[in-house]
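Student: Sending over a structure as structure tokens; questions will come in a sec.
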């Protein structure tokens, strides 16, 4: 297969280190906290004391409080070198951490649409978080906007951010910015995949784009088409994909690393999910373009691991299919054979994600990884249990807790969930080894993970991250997250990989 051409336009603003405010800067973004006696400004060395006092007085005069994500824009005092000051609220000083700065930078970036160059002092508080927040907050998806509806000059995303630091030539600052820019680009790449409609991102095209990204990053790439899947016995992937004219794929992207531990990543890649014969309601079905959010995150993460030069080996497996109803689609009551030989009675064709994941998990485990992380927009039950912004993490206890802890530290806030043993019997089938769903509605997120557990090899440390809600924002923008694909859980997975790289 020839690699597809991927969009080459940058997905976020140019990020640069600076020691002072340049003449080209139009807006200076500062942080504002809620002090005991009124708001307090974080201006670093960007303004002299007199100008900083004038700025704070002006902000107070128009009612700025420093409340988290509050935005206040005022004309800049004469002699400050910029046209205006944008203050973003960071809340209580005791609550200001990397995630708060990341969110504040994202809110500011969205407000600066139409601005060409901005500078910020948020970078003096946390350079990496500020860089990520500005990049991701400025991200927009306009690929299919024609001249009739594309943003005009005053609505175009922020083009450049100068991150003010004491020593812009310092190697540590340069390294921090390079890492954060790479992470932000990976998150935006996952968002771009998710936001691309299924008319333009179907299994073959998704595989080709993943191949292009992987090849550019120096990864080893292997793609199994429908014939290779049939020959190999990948019954789950084939069963889900058989109702569509778009043939399924299994993509393998490998970062060899330089020794040490090995990690397998598996991501659900349903490029569109109608539910199949067990068809979904029409209302909201258009959001099922997001059902490959796990796959998007896995592709972006393994490419990022290569760019960051991680020593840990990363083997990414991405099963891709389109779940459609047709005369050739699998039916409720059908029995399929997963890769590795387990037979499964398909009770509900809308519980398809676990079928393609199981094939990929068994194949990934044949390579004997030390750790395995799978991620998927797997169950609506995840949203019922944890809401739209909190991923659920299940798996082997120690690794599950490690993944959840790291996720909370970096602000994606995954929550550890149990795998109750009593639910296993509810997946028994009268005609096959397993049923793909239980016969009740209770604990659906947990039951799906228990199904996947059946396919994880003994001795492999495993974590399953359900991002059914967190991978796709159907509401209004918040923090550095706009409407549509969010890129969750890229930051969690790369942070876990870095932790394994350092700690084993």
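Since every read-out is calculated from the coordinates, none of them should be taken as a lab result. Not measured: the values here are computed from a predicted model. A quick note on method: Cβ atoms are made from the backbone with ideal geometry, for glycine too, and the neighbour counts reach across all protein chains shown.
Student: What is the spin-label model distance, in nm, from residue 398 to residue 57 if the labels are put 7 Å beyond Cα along the C-beta direction?
Tutor: It works out to 6.2 nm between the two label points.
Student: Applying 1/(1 + (r/R0)^6) with R0 = 41 Å to the Cβ-Cβ distance of residue 258 and residue 14, what FRET efficiency is obtained, to the nearest 0.05?
Tutor: With R0 = 41 Å, the Cβ-Cβ based efficiency is 0.85.
Student: Provide Rg over Rh for region 168-212; use the alpha carbon set for both Rg and the Kirkwood Rh (inverse mean inverse pair distance).
Tutor: With Rg and the Kirkwood Rh in hand, the quotient comes to 1.24.
Student: Compute the distance in nm between two label points, each set 7 Å from the Cα along the Cα-to-Cβ direction, one at residue 441 and one at residue 245.
Tutor: The answer from the label model is 3.7 nm.
Student: Based on other C-beta atoms within 10 Å, arrange 126, 225 from fewest to most.
Tutor: 225, 126
Student: Going by alpha carbons, how many degrees (0 to 90, nearest 10) lie between the helix axis of 397-410 and the longest principal axis of the chain?
Tutor: With both axes taken from Cα atoms, the answer is about 30 degrees.
Student: Something else now. For region 96-194, restrict the atom set to alpha-carbon positions and state the Rg and Dmax in Å.
Tutor: Values for region 96-194 (Cα only, Rg and Dmax): 14.1, 45 Å.
Student: Let me ask another. Using Cα pairs closer than 8 Å and at least 6 residues apart in sequence, work out the relative contact order for region 14-169, in percent. Working shown, then result.
Tutor: Values: 338 pairs, mean separation 48.9, N = 156.
This gives 31 percent for region 14-169.
Student: How much length is gained on full extension from residue 142 to residue 174, taking 0.36 nm per residue of separation minus their Cα-Cα distance?
Tutor: Length gained between residue 142 and residue 174: 8.5 nm.
Student: While we're looking at this one, here's another question. Gap in Å between the Cα centre of region 77-91 and the Cα centre of region 405-426?
Tutor: Answer, in whole Å: 43.
Student: Sticking with this one: State, as an integer percentage, the relative contact order of the chain based on alpha-carbon contacts under 8 Å between residues 6 or more apart. Walk me through the intermediate numbers first.
Tutor: Values: 1241 pairs, mean separation 75.4, N = 504.
Relative contact order here is 15 percent.
Student: Which whole-angstrom value gives the distance between the alpha carbon centres of region 323-385 and region 143-164?
Tutor: Their Cα centres are 40 Å away from one another.
Student: Now, a different point. Between the helical axis of 171-195 and the dominant principal axis of the chain, each derived from Cα atoms, what acute angle in degrees is found, rounded to the nearest 10?
Tutor: Result, in degrees: 50.
Student: Separate question: For a label point 7 Å from the Cα of residue 483 along Cα→C-beta, name the residues of region 176-211 whose backbone N is under 11 Å from it.
Tutor: none
Student: Under 8 Å for C-alpha pairs, at least 6 residues apart: give me the relative contact order for region 259-368, rounded to a whole percent.
Tutor: Averaging sequence separation for qualifying contacts and normalising by length gives 36 percent for region 259-368.
Student: With 10 angstrom as the radius, rank 415, 317, 462, 442 by how many other C-beta atoms surround their C-beta, starting from the fewest.
Tutor: 442, 415, 462, 317
Student: Could you please rank 272, 399, 193, placing first whichever residue has the fewest other Cβ atoms within 10 Å of its Cβ?
Tutor: Working: 272 23, 399 20, 193 27.
By the 10 Å Cβ count, ascending: 399, 272, 193.
Student: Here is a follow-up. So if each residue of separation counts as 0.36 nm, and I subtract the Cα-Cα distance between residue 160 and residue 287, what length gain in nm does that give? Walk me through the intermediate numbers first.
Tutor: Details: separation 127, 0.36 × 127 = 45.72 nm, distance 3.15 nm.
So the chain would gain 42.6 nm between residue 160 and residue 287.
Student: For the residue pair residue 228 and residue 212, what label-to-label distance in nm results when each label sits 7 Å from Cα along the Cα-to-beta-carbon direction?
Tutor: It is 1.9 nm.
Student: Another question about this same structure. What base-10 log of the normalised intensity I(q)/I(0) is obtained for region 14-169 from the Debye formula, alpha carbons as equal point scatterers, at q = 0.20 Å⁻¹?
Tutor: Calculated log10 I(q)/I(0) at the listed q: -1.24.
Student: Relative to the longest principal axis of the C-alpha atoms of the chain, give the angle of the C-alpha long axis of helix 490-503, reported between 0 and 90° and rounded to the nearest 10°.
Tutor: 90 degrees
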